[in-house]
Amino acid sequence: MQVQSDRLDNCSICGKLYLKTFTDHCLECYKEIEEDFKFVEAFLRREEHRFTTLEDLSEATEVSAKRISSFIREGRIYGEDFPNLGYPCAHCGIAIKRQILCTSCYDTFSMEINKTLKQEQLLEELAADRRQGSGAAKYWQLKQGK
């Protein structure tokens, strides 16, 4: 039986070639991730650890903060159940419990994207108007940032 190349990949952790089935990692790395998850989950199940922070959890379990963050991001650990458990926003570093960006950074990026899209739309309209012969008004709208 011949294996198609779209089913083969290199493990993002160790680089070994593996057959993609249900995971993005080779079997050995997948087992290690699952062991880490079970260890972290067992630690968090204890009532006295309910208020732990990401750093404390990482230190106590010897599982990297990056891996624990991925467990939270993936929804395997429900961050809302643990008031002090969060991971840093990818842009500003503030502790968050969902997504990749905090609300403030998300809103800022959204505004910038919308502004850029409006400018691109005005540029396209200006180019179309130039082809038709008028465009001075659109140019000044673009120049003034409207």
Within the set of pairs 6 or more residues apart or between chains, which connect a residue that is free of Cβ contacts under 8 Å to residues at least 24 places away in the same chain inside region 20-39 to a residue that is loosely packed, with under 12 Cβ neighbours inside 10 Å and assigned to a helix (DSSP H, G or I) with Cβ atoms less than 6 Å apart? 20/7
Could you list all residues from region 75-96 that are in a strand (DSSP E or B) and under 12 Å from the mean Cα position of the chain (by Cα)? 87, 88, 96
With the requirement that a residue be surrounded by 14 or more Cβ atoms within 10 Å (Cβ to Cβ) and not in a helix (DSSP H, G or I), what does region 39-61 give you? 52, 53
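Does region 62-74 contain at least one residue that is surrounded by 14 or more Cβ atoms within 10 Å (Cβ to Cβ), of a type in the set (D, E, K, R), part of a helix (DSSP H, G or I) and modelled with pLDDT of 90 or more? Give the steps one after another, and end with the answer.
Taking region 62-74 first, the residues surrounded by 14 or more Cβ atoms within 10 Å (Cβ to Cβ) are 63, 65, 67-73.
When the remaining residues are screened for being of a type in the set (D, E, K, R), the result is 67, 73.
Then keep just the ones that are part of a helix (DSSP H, G or I); that gives 67, 73.
Among the residues that remain, those that are also modelled with pLDDT of 90 or more are: 67.
Yes, region 62-74 has at least one match.
If you go through region 28-38 one residue at a time, do you hit one that is assigned to a loop (DSSP other than H, G, I, E, B) and farther than 20 Å from residue 93 by Cα? Working first, answer last.
First pass over region 28-38, keeping only residues assigned to a loop (DSSP other than H, G, I, E, B): none.
Among the residues of region 28-38, not one is assigned to a loop (DSSP other than H, G, I, E, B) and farther than 20 Å from residue 93 by Cα, which makes the answer no.
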Inspect all residues belonging to region 40-53 and state whether any of them is among the hydrophobic types (A, V, I, L, M, F, W, C) and in contact with a His (Cβ under 8 Å, 6 or more places away or on another chain). yes
Lone qualifier among 71, 51, 22, 39 - being on the phi < 0 side of the Ramachandran plot and touching a Pro at 6+ places or on another chain (Cβ under 7 Å): 51
Go through 38, 20 for me and flag whichever is over 20 Å from the mean Cα position of the chain (by Cα) and modelled with pLDDT of 90 or more. 38
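The values are calculated or read from the model by the stated rules, or taken from the named source; none is laboratory data. Predicted model, so just to flag it, every value in this text is computed and none were measured. We place every Cβ from the backbone using ideal geometry, glycine too, and count neighbours over all the protein chains shown.
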